[in-house]
Structure formats: structure tokens, C-alpha cells
Amino acid sequence: MTISLPLSGYAGWAFLKRTQERQMALVDANPVSQRDEAYFRAKIGSINSAEELVADRRLLTVALGAVGLSDDINNRFFIRKVLESDTLDSKSLANKLSDKRYAELAEAFSFGTFDIPRNKLSDFPDEMLSKYRARRFETVVGEANGTFRIALFAERELPDLAGSRSSDATKWFKIIGSEPLRTMFQTAFGLPSSFGSLNVDQQASALRSKAKAMFGSSEAAQFTDSAKLDKLMKQYLIRAEMAEGLSALSSRGSAALQILQAGGLSRRV
């Protein structure tokens, strides 16, 4: 599956947003995708346990893809334990893992939380397939432009996180715990590559300080405001493109230096 991304940077992002609905429809029309979705819709309601789910690779592919965990498709024992977690227990495996996508997966099915899992609900297939399509489109975009993939993820996830009932500190910790969101903020705020080596309290303090300077508020809740979210995204895309340009320039300079050094060596020989 391929899409059209003729431009990079903020101009390319603007093009992607203008054409997103049409391009998503093209990705969704892929025959393999349609077969997988039809199978999931027909079979998921008959699953009674985490063990049954991980035993069906086609169902598990969609389930993991819906929460961005496709790379775990072969870690069936671990995924089963995650799915069996009681999401109401803060000490359960899913809740203890720093990557909150596992908790999202466990909550989606709730095998270990309720007597009747959520996949028995009539609207469950639509809920999961909607997430699956969004993540799949992000993946396809990411194959052409990793920066845009992060931007799509942030556009989808950040407003919900910002608008949650969690404390401001928890929201920033969740942003730090999400690699795509942390990368976006780190880039948008012009923070160095060493930023990730700081402890989480220091990272949160730095992000609050930068947010205050750029937006007038240090609170994560402000990113429910579409204007502020757009400003953040624009800053991220511009800085990311600049970093890519500098990296390419550095690579070309290194290659030229190697050629010159090789030429000098050959003359001395």
C-alpha cells in the first residue's frame, strides 16, 4: 500500500491533511485489508478468553494493530498475560508496564476485569476497526515519512490525553511515557537529544517550562484547544524538517571529506 506525499515539512503536512480522507479510503480498499476486517467482524464476538484470542493470529493482528502493538504479534504468551490483567488493579501487569498501549489493549477486551469481556458488545468491532484503520494509515504514512506518522499519532492521541481527568503531572508523565509524543514535544521545543536521559521529573519540568514560554501556560490540558495544537504541530514539523536538512547536509559533507581523504591517500601512494 502506498500513498502520495510529494512534499515534506509543513507544506507536505498541509497536503496530507487536504487529501487524508481520500488517501485513507484507498488504503482501506486494499483487498487484504478488507478480508482481515471482515474476518475480525465475523469472529471476534465468539472469543471468550485471552487464550482464544492469541491462538487466532488473524484476530490478534487486528487487535494489536488497533493499539499500535503490531510488533508484538509473536509474543503470544506475554500478550496473553497482558490481556488477562485486571485493569482495575493498579498492580496488574498491564498497569505496571510503562508503555500504556498494553493497558489500552487490556482495557479494550477486559478479559481479566469483567465476567463478560467487552468484545461481546455489539459495537466492539466498529470501535476496534476504526482504531485499526487509523493506526494502519499512520503506518503506511510512516513508511514514506516518519515525521508525519508521529504528527498523525499526536493529532489523534494528544487531545484525548490532554482532556482526561488525570492530574496535570500525570498527563505530562504520560506524554513522556509515549515515545511518539515525547519525540514531538522534544523536537517542537528544541530540546537536545540528551533530553531523554534525564529522569522523568526533570523531563516534565523542562516540558512545562517550554510550554509556558511558547503558549503562556504550563498545563497539558491546553492542548485540547485546536489552535494551540495546530501551533504545536507546525512548530514540530518545521523543526523536524530543519533537523533532517542539517543531517543530510552533514552526511554529504562527511562523504565529500572521505572522497578527498581517499584521493589524498592515493596520491601519496
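Every number in this text was worked out from the coordinates using simple rules, so none of it is lab data. If you're wondering where the values come from, they're calculated on a predicted model, not measured in any experiment. Please note: Cβ atoms are built from the backbone with ideal geometry, for glycine as well, and neighbour counts cover all protein chains shown.
Results, tabulated for the structure shown:
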| quantity | calculated |
| --- | --- |
| Mean projected area (nm²) of the alpha-carbon convex hull when segment 27-99 is viewed from all directions | 5.5 |
| Ranking of 73, 175 by count of other Cβ atoms within 10 Å, fewest first | 73, 175 |
| Structure-derived semi-axes √(5λ) of the Cα gyration tensor in Å: which label, when the choices are (1) 28, 24, 21; (2) 38, 21, 18; (3) 37, 25, 20 | (3) |
| Angle between the chain longest axis and helix 31-43 axis [Cα atoms, degrees, rounded to 10] | 30 |
| Cα long-axis angle, helix 57-66 against the chain (0 to 90 degrees, to the nearest 10) | 60 |
| Value at 222 nm in deg cm²/dmol, rounded to 500, when DSSP H runs of n ≥ 4 in the chain each add -39,500 (n - 2.57) | -22500 deg cm²/dmol |
| Charge-dipole axis of segment 1-155 as Lys and Arg at +1 and Asp and Glu at -1 on Cβ define it, positive-most pick from 73, 48, 13 | 13 |
| Spatial separation of Cα centroids for segment 98-168 and segment 177-214, in angstrom | 23 |
| Cα centre as origin, Lys/Arg/Asp/Glu Cβ charges: segment 9-143 dipole, Debye | 280 |
| In degrees, nearest ten, helix 226-268 long axis to first principal axis of the chain (Cα) | 50 |
| Magnitude of the charge dipole, the chain, Cβ model with Lys/Arg +1 and Asp/Glu -1, debye to 20 | 900 |
| Relative exposure of 156, 149, 76, judged by other C-beta atoms within 10 Å (fewest first) | 156, 76, 149 |
| Separation of the residue 104 and residue 209 label points, Cα + 7 Å toward Cβ, nm | 3.0 |
| Footprinting exposure proxy for 49, 178, 92, 194 (fewest neighbouring C-beta atoms within 10 Å first) | 194, 49, 92, 178 |
